[in-house]
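Asks: Quick one: the structure is below, questions incoming.
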Amino acid sequence: MANILLLANINCDRILRLDKPLQTGGRFHYQDGGLRLGGGGANTGLGLVWAKHNVSLVSEVGSDDIGDWILAKASTLGLDCRLVHRFSGNTCEMLLVMTPDGERTIIRPQRPIFELSHAPNWQHWDAFYINSSANGADIWAQDAIDSNPRCKVIAQLAKDQRKRPCHVLIASITDMQGRCNQAPWSFAQSIAGDALQYFIVTDGDKGAIAYSAEGEQHVPAVMAEVVDTTGAGDAYAAGVIHGLCQNMPIFEAMHQGALWASFAVATPSSIPGEALKKHLTSS
């Protein structure tokens, strides 16, 4: 069991199920799928809770009824939300537009700027995961690396070129499009710094490649029937974090990521489903 700190969004998702794939200028019918808990914090955190880790969230929600609902729902599911900040204002719903082939389009409002305060005592944490545009995330990450050599720092590549000091950097092949005009390892080092040990690039059912100073290695995907791709990347990251906290070699940790992602895409929700929970609680 590890103490894991997640810096990631936690959302109230509104699901709109379309009758056909999206097309520019088209007209569509939809079914309202209602509200569900979502965001990288929930999508990544719940699997880790089921794997018997202690998981705390650093995020922010508004001081309104939706914010109350998010925190109550997340806390009931086992996530420690005591470090979630409440800003003055409304928590807007995230719109997830789902098409019959399982693909999704996310429509979200502009978030208020989230300013991180003083970093926590990193001696309490075994892993720190970053999937947020919060100001100060790079400072927290570098502080964790410098303060506690036992704390594993894992980060998702940001949507821009901001620094992400970490030991393991994760990106999808889509994240890389148009951004990397050099060798993947050199690109990752320019983002993550000297502490970087591995750069993982995922490519859906084609698997993932781990780049390092020693070279690269491919780890295949775990095949599954795709129902809903929402949260697959978050589930992959959670599996990798779990593997690293179990002191698995990186390639075994990546297999865990692929396995967890296979459960995610076969589940009609953002957050991990009962199949992953059963797998983790029975093992």
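The values are calculated or read from the model by the stated rules, or taken from the named source; none is laboratory data. Given the structure is predicted, the values throughout are model-derived calculations rather than measurements. Glycine gets a Cβ as well: all are built from the backbone with ideal geometry, and neighbour counts include every protein chain shown. Side chains are part of the model used for accessible areas, which takes the heavy atoms of the whole protein and leaves out ligands, DNA and RNA. Shrake-Rupley method; radii C 1.70, N 1.55, O 1.52, S 1.80 Å.
Asks: Could you tell me whether any residue of region 148-167 is more than 19 Å from the chain's Cα centre (by Cα), open to solvent by 60 Å² or more (accessible area, probe 1.4 Å) and over 19 Å from Ile4 (Cβ atoms)?
Replies: no
Asks: Condition first: open to solvent by 50 Å² or more (accessible area, probe 1.4 Å), charged (D, E, K, R) and closer than 25 Å to Leu196 by Cα. Now tell me which residues in region 209-235 satisfy that.
Replies: Glu214, Glu216
Asks: If Thr24 meets every condition in (1) among the β-branched types (Val, Ile, Thr); (2) over 26 Å from Ala155 (Cβ atoms); (3) in a strand (DSSP E or B) apart from one, which number is that one?
Replies: Only one criterion in (1) among the β-branched types (Val, Ile, Thr); (2) over 26 Å from Ala155 (Cβ atoms); (3) in a strand (DSSP E or B) is unmet by Thr24, namely (3).
Asks: Test Val58 against the criterion of being within 15 Å of the chain's Cα centre (by Cα) and free of Cβ contacts under 8 Å to residues at least 40 places away in the same chain, and give yes or no.
Replies: Taking the combined requirement at face value, the residue does not satisfy it.
Asks: Next question. Can you name every residue in region 1-40 that is without any contact (Cβ under 8 Å) to a residue 60 or more places away in the chain and under 25 Å from Phe114 (Cβ atoms)?
Replies: Leu35
Asks: Can you list the strands (runs of 3 or more DSSP E) found entirely within region 74-134 that contain at least 3 residues being among the aliphatic types (A, V, I, L, M)?
Replies: Because the criterion is at least 3 residues that are among the aliphatic types (A, V, I, L, M), the strands (runs of 3 or more DSSP E) in region 74-134 that meet it are 94-98.
Asks: Something else about it: Could you list all residues from region 37-55 that are crowded, with 19+ Cβ neighbours inside 10 Å and either small (Gly, Ala, Ser) or assigned to a strand (DSSP E or B) (or both)?
Replies: Leu37, Gly38, Gly39, Gly40, Gly41, Ala42, Gly45, Gly47, Ala51, Val55
Asks: While we're looking at this one, here's another question. Select the helices (runs of 4 or more DSSP H) contained entirely in region 176-276, then report the ones holding at least 2 residues which are free of Cβ contacts under 8 Å to residues at least 60 places away in the same chain and aliphatic (A, V, I, L, M).
Replies: Where helices (runs of 4 or more DSSP H) fall fully within region 176-276 and carry at least 2 residues being free of Cβ contacts under 8 Å to residues at least 60 places away in the same chain and aliphatic (A, V, I, L, M), they are 184-192, 250-265.
Asks: Next question, about the same structure. Any chance you could count how many residues in region 250-283 are open to solvent by less than 20 Å² (accessible area, probe 1.4 Å) and modelled with pLDDT of 85 or more?
Replies: Count: 10.
Asks: Going through Asp32, Asp13, Asp68 one at a time, which residue ends up being assigned to a strand (DSSP E or B), farther than 25 Å from Trp122 by Cβ, among the acidic types (Asp, Glu) and open to solvent by 60 Å² or more (accessible area, probe 1.4 Å)?
Replies: Every option except Asp32 fails the conditions.
Asks: So which residues in region 86-108 are within 19 Å of the chain's Cα centre (by Cα), open to solvent by 50 Å² or more (accessible area, probe 1.4 Å) and closer than 20 Å to Leu57 by Cβ, if there are any at all?
Replies: Glu93, Ile106, Arg108
Condition check ((1) within 19 Å of Ile4 (Cβ to Cβ); (2) modelled with pLDDT of 90 or more; (3) out of contact with any Gly (no Cβ under 6 Å at 6 or more places or on another chain)) across all residues:
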{"site": "Pro21", "(1), (2), (3)": "no, no, yes"}
{"site": "Gly40", "(1), (2), (3)": "yes, yes, yes"}
{"site": "Val49", "(1), (2), (3)": "yes, yes, no"}
{"site": "Asp64", "(1), (2), (3)": "no, yes, yes"}
{"site": "Asp68", "(1), (2), (3)": "no, yes, yes"}
{"site": "Met94", "(1), (2), (3)": "no, no, yes"}
{"site": "Pro100", "(1), (2), (3)": "no, no, yes"}
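Asks: Quick check on region 193-208: of everything there that is touching a His at 6+ places or on another chain (Cβ under 8 Å) and small (Gly, Ala, Ser), which residue is most open to solvent (accessible area, probe 1.4 Å)?
Replies: Of everything passing the filter in region 193-208, Ala195 is most open to solvent (accessible area, probe 1.4 Å).
Asks: Please work out which one of (1) over 13 Å from Gly39 (Cβ atoms); (2) surrounded by 19 or more Cβ atoms within 10 Å (Cβ to Cβ) is the condition Asn131 fails and give its number.
Replies: (1)
Asks: Still on this structure, please answer the following. Looking for something at pLDDT 95 or above and out of contact with any strand residue (DSSP E or B) (no Cβ under 9 Å at 6 or more places or on another chain) - is there at least one such residue anywhere in region 226-241?
Replies: Checked region 226-241: at least one residue is at pLDDT 95 or above and out of contact with any strand residue (DSSP E or B) (no Cβ under 9 Å at 6 or more places or on another chain).
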